[in-house]
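Only one structure is covered here, and it is reproduced in the block below.
The values are calculated or read from the model by the stated rules, or taken from the named source; none is laboratory data. The structure displayed is predicted, hence computed values, not measured ones. Ideal geometry is used to build each Cβ from the backbone, glycine not excepted, and the neighbour counts take in all protein chains shown.
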Amino acid sequence: MQKTFPIPPGLDDFFIEVAELTRFTGKFFRNVFLPPYEFSEILKQSFIIGYKSLSLVAVTGFIMGLVLTIQSRPTLARFGAESWLPGMVAISLIREIGPVITALICAGKVGSGIGAELASMKVTEQIDAMEVSGTNPFKFLVVTRILAAMLMIPLLVIFADAVGLFGSYIGVNIMGDVGIRLYFSQAFDSLDFADVLPAFIKTFFFGFAIATIACYKGYTCKKGTEGVGLAANSAVVVGSLCVFIIDLIAVQLASFFMK
């Protein structure tokens with residue numbers, strides 16, 4: 001008699017969710033190149049995702065650079081290597097800390113906003129009304145937000161890196177006296193093409209994952225008004241988890257191809 005092994009509770013729901021998310025992603029790629037192109041909506045969403053996140057990203061980036069410099073300085077001073085501080089901070093910020101922390105900030109702010117907005121439109125039947133009026137709601141609501149996130153999150157990461165380096169410069173000068181020209185020349189001299197390019201490329205995937213998951217959670221909301229909060233919460237949690245997974249894969253690929 002053949003033995004059967006029970007499926008762990010929740011595992012079947014997990015695979016169903018992955019399959020539905022894969023179908024949702026495939027629908028995005030089918031619609032992204034089809035007219036009409038909602039350029040005005042993409043610009044509007046770019047303003048919401050990018051410009052309205054600048055202050056939060058600026059504060060976070062400045063604190064990242066400042067704290068990293070203050071925490072690293074005593075260790076380097078112990079070995080007489082304080083001159084390496086600008087290069088170490090620049091490599092740490094641009095390769096890992098800047099992109100990942102900025103993506104997590106965006107997963108919290110942008111992901112929750114998109115998830116809650118689309119979920120509220122779903123439960124109030126606004127999406128159904130758009131279908132009845134002849135508008136393609138998927139193209140207008142989902143495609144535009146994903147494209148805007150893929151455009152804005154890389155720019156936000158670059159902005160966070162720049163502000164973080166300035167914060168590091170302030171941290172260096174708290175207990176020393178280093179000119180801004182000398183500091184940034186030391187920081188940029190330590191950077192290589194292999195440090196900048198992989199870090200920049202993976203930010204597009206961060207934006208794609210964060211917006212796709214948030215749109216999926218909001219667009220497929222089914223539990224009434226209670227589902228709005230669940231959609232926003234799960235969009236943040238799953239989006240943040242995907243940021244770490246993408247970063248892990250990107251690091252492995254970069255170490256393999258940049259040898």
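At-a-glance table
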read-out: Test: ALA107 is surrounded by 17 or more Cβ atoms within 10 Å (Cβ to Cβ), closer than 17 Å to CYS215 by Cα and touching a Ser or Thr at 6+ places or on another chain (Cβ under 6 Å); value: yes
read-out: Test: residue in the range 153-170 that is farther than 16 Å from TYR216 by Cα and among the charged types (D, E, K, R); value: yes
read-out: So GLU20, is it of a type outside the set (S, T, N, Q), surrounded by 15 or more Cβ atoms within 10 Å (Cβ to Cβ) and over 20 Å from the mean Cα position of the chain (by Cα); value: no
read-out: Within the range 39-78, considering residues that are surrounded by 14 or more Cβ atoms within 10 Å (Cβ to Cβ) and more than 23 Å from the chain's Cα centre (by Cα), the one nearest to PHE184 (Cα to Cα); value: THR69
read-out: Sole exception among (1) of a type in the set (Lys, Arg); (2) at pLDDT 90 or above; (3) within 28 Å of ALA160 (Cβ to Cβ) for ARG23, by number; value: (3)
read-out: Residue in the range 112-126 that is in a helix (DSSP H, G or I), surrounded by 15 or more Cβ atoms within 10 Å (Cβ to Cβ) and touching a Pro at 6+ places or on another chain (Cβ under 7 Å) present; value: no
read-out: Close pairs (6 angstrom Cβ cut-off, 6 or more residues apart or separate chains): farther than 20 Å from ALA103 by Cβ and in contact (Cβ under 8 Å) with a residue 12 or more places away in the chain in the range 58-86, of a type in the set (Ser, Thr, Tyr) and assigned to a helix (DSSP H, G or I) anywhere; value: THR69/SER168; PRO86/TYR183
read-out: Residues (more than 12 Å from GLY167 (Cβ to Cβ) and either assigned to a helix (DSSP H, G or I) or of a type in the set (Val, Ile, Thr) (or both)) located in the range 64-85; value: GLN71, SER72, ARG73, PRO74, THR75, LEU76, ALA77, ARG78, GLU82, SER83, TRP84, LEU85
read-out: SER168 more than 19 Å from the chain's Cα centre (by Cα), within 24 Å of ARG95 (Cα to Cα) and crowded, with 23+ Cβ neighbours inside 10 Å; value: yes
read-out: Some residue of the range 72-85 being closer than 30 Å to LEU182 by Cβ and among the β-branched types (Val, Ile, Thr); value: yes
read-out: Qualifying residue in the range 201-214 (condition: farther than 30 Å from VAL18 by Cβ, surrounded by 14 or more Cβ atoms within 10 Å (Cβ to Cβ) and in contact with a Ser or Thr (Cβ under 7 Å, 6 or more places away or on another chain)); value: no
read-out: Qualifying residue in the range 47-63 (condition: part of a helix (DSSP H, G or I), within 19 Å of ASP195 (Cβ to Cβ), among the small types (Gly, Ala, Ser) and in contact with a helix residue (DSSP H, G or I) (Cβ under 7 Å, 6 or more places away or on another chain)); value: yes
read-out: Residues satisfying the stated conditions in the range 215-231, i.e. within 20 Å of CYS106 (Cβ to Cβ) and crowded, with 24+ Cβ neighbours inside 10 Å; value: CYS215, TYR216, LYS217, GLY218, ALA231
read-out: Within the range 143-259, helices (runs of 4 or more DSSP H) holding 3 or more residues that are over 29 Å from LEU76 (Cα atoms); value: 144-172, 193-219, 224-257
read-out: Residues of the range 26-62 classified as at pLDDT below 90 and either more than 29 Å from ASN136 (Cβ to Cβ) or of a type in the set (Asp, Glu) (or both), total; value: 1
